[in-house]
């Protein structure tokens, strides 16, 4: 006789990891089933809560703005307390690797596209880059990379009237590289502080990088780099550079590939492991077994063999269109492939997009609609299942790209789904 | 002022570029003006089939013969634009045997080399052909990159002294009495290469003769010249759907009388499915419809079943400039002849020094250019022979794609091979690059060196760079390279120009990509939207959109930062680079 | 306790003949994997999971090697970029890709094509790779005279000759041959001690358990017998893993044909196939059907299990472990890349966490760097050790000073980098249960 888990979470991205952590915050046994690497690896690593309403100005205080959202917005359904719970759980999981929890106010950060973006939590590595900080800035770019030109990025920040002087410089990254060396190679050089040749001398990669930047610092009090300053030892890399340069060093979030995202994924995995959560990685959930409206097990395709995993409560955190938690077809189908949860959409695929690239994109709203327990709703507005909850990108009903709310929605829905699943599983155990 | 006669060619499609090259090689002074990029019109919006003539071998043998002759010439003079794929006319069980035999005989009568393949033989060459096909006829069809061909013709014309002005729409045809004496153009960003934000200027260009090679737009130019009789161009739109990869490496035609959705053309990294034919009123403004895309996939899967499961990355529409001579009264546009017509307005309308060329086919562009050039030279009393059938185009001189690219240029062989296939004999000149030469567009294997060469050739117009290099034309449709290409503009061009070019390219990519919005391409588009929206925040960029950040101090200034004391605001007034200028 | 129950009504034979599935990723024998590029949305998860690209600036990464290179290919193109030989076939890219691009299949096929079309068949590199891939042949000879072979291999002069002539790094200790192979032991033992026609498993021991780490094979037999299984040991060849990694697809196919036939017979008689090496189970389950078109190959794939996985799903292994105890010992566990690909990377840690006496610590997600034969090539040795550095570091920081892993070549690398003794989970399981 197999022992069932109390809670199974499907999907190991931000929402899945946080929902598992929330659910495990008691004696509940929790298993996280993940298939492939999550979209965290190519997301920027910033945790946005709410950046824009339908106004020209970015939102300064997201909590104050929530009341202006429509009633069917995930935030309106979950409520402000849930948003705060989600952030608190996140802050606890990531510890001092993130900042922003000292205030309700959004921070403004430069993106590698040159635009400035409001966000609620940011990696410690990005903290010195705040655009609301008035210290002068130098942006460093590398000829070996194509993602941005540092001078152009600096000019563009200036064009947004940032409250500081900003300059850019394009350099060669110390060491020898092929034309197509991967960005992970640059990061590894710094991570291991490997020896490189610089101006005829052999020295550590960190020192060589600092040496090449030094002549360009001028009056700048902080220097921004593309976000690949190390991987496992990122804090050491940054500390060494700061010591050599005598100014603050920060990373400009990039993606993909996104080291801030990968580091966050690593940190979350550690937290999940530390919490004693079981992890089954590498195989997809493809189906389920249910008794009426109650799911009894999910079926994992283990390289051609179908293996059921039983639990009291299930949390669906498989992502949206990018994370493959939602699929679509030419015939007008938009579906959630595991449980076939209802996803409101037009049957005419030409209604799914706007002609303007940054217009109001209906596809960005795709996702399940939820009740206050985060349970996906069917077309009639009733829960699809009594013990299935949704979190993260699979939840729709708003355009998180335009709002800059994706991560916040993930944390919030994960907090509620995790809490409810935990409580319900405990109740059932008592009743059984 | 040169003593040479000066001919103005309106239209930078294949015909216009072909005429410009021909005349320039004959010693005539040529100015070519084009409203958009080269190939802005029909040439840039076709499936890139280099006809063997097989498609016309039953219904229009004269055209078929011309196609075969020109096909052979282009393999020689435009080798870097042509891929010798070969073609198949595939018969399915339900297709008529009688027509198959007619096709076979017709090809033979038109000197098109043919070979009949059994189903097994055909499927051995093209494993993704349907299992239940009957047989096929092999013909020497090919694939051609129309843009590369036009650019090479224009470059050759320039080498022979011609002036090429793109983004210079004709706003008036200048006349003195009954004589056309030139054109007035509006340079979008001043003469020369297009640069965003350069102020527009107007210019009167005077010449001895004007050739109207504007295809579907010929009637509009005719009106400007005050022709009494309308030039009856009947534009017919056709859809082309682009697959992400090549399902076939041979042109696959359905062996049936004319019909919709009957051809798959391997084109560079992709296959192009074509097409439909629906008459439209305005060549600039017509509906692009879902049924047309669905028709391509649902019909052509009968020939190549994997197409149904395969990913499409975009669709585009072209407008055929079909010409119907007065009094023909054809009701179905698919019945209009594909032949071309030279309208000498002296004879037709008593307007001197002005000729229009209408109708015709891309494959025979060179021959059309030769006929027109003969006509113009005759009018101008120039005695010179056409040489465009024997002198290779720039880039098509001797070259080989089999090289040690790592050793010579430090790039991987598949990337080098792709680059050389695009650059032809210009490969060394372009790829021999000083400094790191990373790949900018990974889908299409375009390195910085080639992007920089494209910028040199076409200014800050990233769409033109795209057409020259294929950068941003792969499966990500610009998600990972629009910003990289824009970054390559910087230094030569300022930040504002680079961002304008970026936004323009980004929107242009979306225009076609939205017709592929399901399954994997929708997932790709959602990733693109997240990358440019969430990660880069370009949709709310305070420097380029309506969004503004008026008070930076209202936001988090970091841990331990003292409450705002106004210093940030002070900095704002004298800090920012632009503000301080 | 098992993590999951076998579905009662699962029957692999139903609903198979009713439709003809579209073969989106054809078998590599067609040599055209361009359709697989359709799945890629360029997210770089594969590149950032590649252990080679982060230490070798001359390796362009799996995205280029896989979907990009295939998409750029035209029918007549034969030149495969030689960087494919720098891929270690760890298959982490497969595990990373959210879009299910058949990356390792693309790499294996490209490598096969490269070796077939471009590699000088008389070159020392080719001969060396062929020898390394055909380890079984070498081991057969070695194990005939194990003491002599071990003695000769241990001589300094042999290492120097190996380095100079064959390009085998002298730093590596050639694995020691057991004085009695697993099959010899099995024969002497008189086969399985359990007879149970309803509970039979066919053991795929692979080369290492037969010739070198015989204790693993013995442990497998005893543990399965403890659960009441009759163990069969059919005739078998190398799984092909080292051959895939060296582009020797013809050799691999030859071996696969025997394995599919012999193991297929056991499956027909109701047995499930069990491997103790995660690369062997990976080969049988994933690479076989991807690379070859052999009658019965899909069936073999569907009936192959890794040893612990089988017991977790089909027996209450978790419960059995919770009720057992062993002498106090601490392990630094490394999950082989190929275990990760089968979703098995956590099972040893999560199972033995509950075993009284045992302490087990996962030393992280890094790759050991040896990747079978990869680290056995002089020109790859440095890369191999650079990749392994992170694992060595984590092992040394772990509490235990005994290593644990399922993969015999990972075990060699772990031992080579730290000097630790390395054990297989089955050995601990044997200690706990038998």
Return the residues of segment C:300-313 that are within 12 Å of another protein chain (Cβ to nearest Cβ) and either under 15 Å from residue C:229 (Cβ atoms) or crowded, with 19+ Cβ neighbours inside 10 Å (or both); say none if nothing qualifies. C:300, C:301, C:303, C:304, C:305, C:306, C:309, C:310, C:312, C:313
Answer yes if at least one residue in segment B:489-500 is within 10 Å of chain A (Cβ to nearest Cβ), surrounded by fewer than 24 Cβ atoms within 10 Å (Cβ to Cβ), modelled with pLDDT under 95 and closer than 21 Å to residue A:114 by Cβ, and no otherwise. yes
State whether one or more residues within segment B:56-77 are within 29 Å of residue B:398 (Cβ to Cβ) and not in a helix (DSSP H, G or I). no
Which condition breaks for residue A:344 when tested against (1) touching a residue at least 24 places away in the same chain (Cβ under 8 Å); (2) assigned to a loop (DSSP other than H, G, I, E, B); (3) touching a strand residue (DSSP E or B) at 6+ places or on another chain (Cβ under 8 Å)? (3)
If I filter segment C:65-82 down to residues being more than 7 Å from chain B (Cβ to nearest Cβ) and assigned to a helix (DSSP H, G or I), which single residue comes out as modelled with the lowest pLDDT? C:82
Per the filter on segment B:102-132, residues outside any strand (DSSP E or B), surrounded by 13 or more Cβ atoms within 10 Å (Cβ to Cβ) and without any contact (Cβ under 8 Å) to a residue 24 or more places away in the chain are B:105, B:119, B:121, B:123, B:127
Among the helices (runs of 4 or more DSSP H) lying completely within segment C:174-251, list those that include at least 2 residues that are out of contact with any helix residue (DSSP H, G or I) (no Cβ under 7 Å at 6 or more places or on another chain) and either at pLDDT below 95 or surrounded by fewer than 16 Cβ atoms within 10 Å (Cβ to Cβ) (or both). C:182-189
Being closer than 26 Å to residue A:106 by Cα and assigned to a helix (DSSP H, G or I): is that true of residue A:398 here? no
Just to verify a result, which residue in segment C:344-397, among those that are in contact with a strand residue (DSSP E or B) (Cβ under 9 Å, 6 or more places away or on another chain) and more than 14 Å from chain A (Cβ to nearest Cβ), is nearest to residue C:240 (Cα to Cα)? C:395
Pick from B:372, B:415, B:411: which is assigned by TED's automatic domain parsing to the domain that holds residue B:439, modelled with pLDDT of 90 or more, part of a helix (DSSP H, G or I) and buried (at least 16 other Cβ atoms within 10 Å of the Cβ)? B:415
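To keep it simple, each residue is scored yes or no on (1) out of contact with any helix residue (DSSP H, G or I) (no Cβ under 7 Å at 6 or more places or on another chain); (2) touching a residue at least 24 places away in the same chain (Cβ under 8 Å); (3) more than 7 Å from chain B (Cβ to nearest Cβ).
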{"position": "A:150", "(1), (2), (3)": "yes, no, yes"}
{"position": "A:158", "(1), (2), (3)": "no, no, no"}
{"position": "A:167", "(1), (2), (3)": "no, yes, yes"}
{"position": "A:170", "(1), (2), (3)": "no, yes, yes"}
Among what's in segment C:53-63 and is at the interface with another protein chain (Cβ under 7 Å from one of its Cβ atoms) and surrounded by 24 or more Cβ atoms within 10 Å (Cβ to Cβ), pick the residue that is nearest to residue B:415 (Cα to Cα). C:60
Could we say that residue A:205 is touching a residue at least 60 places away in the same chain (Cβ under 8 Å) and within 14 Å of another protein chain (Cβ to nearest Cβ) here? no
Name the residues in segment A:254-277 that are within 10 Å of chain C (Cβ to nearest Cβ) and free of Cβ contacts under 8 Å to residues at least 40 places away in the same chain, would you? A:266, A:270, A:273
Go through B:447, B:427, B:469 for me and flag whichever is buried (at least 24 other Cβ atoms within 10 Å of the Cβ), more than 10 Å from every other protein chain (Cβ to nearest Cβ) and in contact with a strand residue (DSSP E or B) (Cβ under 6 Å, 6 or more places away or on another chain). B:469
Just name the residue that is farthest from residue C:416 (Cα to Cα) out of those in segment C:127-173 that are modelled with pLDDT under 75 and in a loop (DSSP other than H, G, I, E, B). C:145
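This table checks each residue for (1) in a helix (DSSP H, G or I); (2) more than 23 Å from residue B:558 (Cα to Cα); (3) away from chain B (no Cβ under 14 Å).
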residue: A:49; (1), (2), (3): no, no, no
residue: A:53; (1), (2), (3): no, yes, no
residue: A:58; (1), (2), (3): no, no, no
residue: A:64; (1), (2), (3): yes, no, no
residue: A:70; (1), (2), (3): no, yes, yes
residue: A:77; (1), (2), (3): yes, yes, yes
residue: A:93; (1), (2), (3): yes, no, yes
Matching helices (runs of 4 or more DSSP H) fully within segment A:159-269 where at least 2 residues are over 25 Å from residue A:133 (Cα atoms): A:183-191, A:205-213
Could we say that residue A:15 is within 17 Å of residue A:389 (Cβ to Cβ) and in a helix (DSSP H, G or I) here? yes
Among B:259, B:226, B:238, which is outside the structural domain of residue B:94 (by TED's automatic domain parsing) and either over 19 Å from the mean Cα position of the chain (by Cα) or in a strand (DSSP E or B) (or both)? B:226
Test: residue A:165 is at pLDDT 95 or above and in contact with a strand residue (DSSP E or B) (Cβ under 6 Å, 6 or more places away or on another chain): no
Restricting attention to segment A:278-308, which residues are surrounded by 21 or more Cβ atoms within 10 Å (Cβ to Cβ) and more than 10 Å from every other protein chain (Cβ to nearest Cβ)? A:285, A:295
So for segment C:272-295 (the condition being assigned to a loop (DSSP other than H, G, I, E, B), within 14 Å of another protein chain (Cβ to nearest Cβ) and surrounded by fewer than 24 Cβ atoms within 10 Å (Cβ to Cβ)), does at least one residue qualify? yes
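The values are calculated or read from the model by the stated rules, or taken from the named source; none is laboratory data. Values in this document were obtained by computation on a predicted structure and should not be read as measured data. Neighbour counts are summed over all protein chains in view; Cβ atoms, including those assigned to glycine, are modelled from backbone coordinates with ideal geometry.
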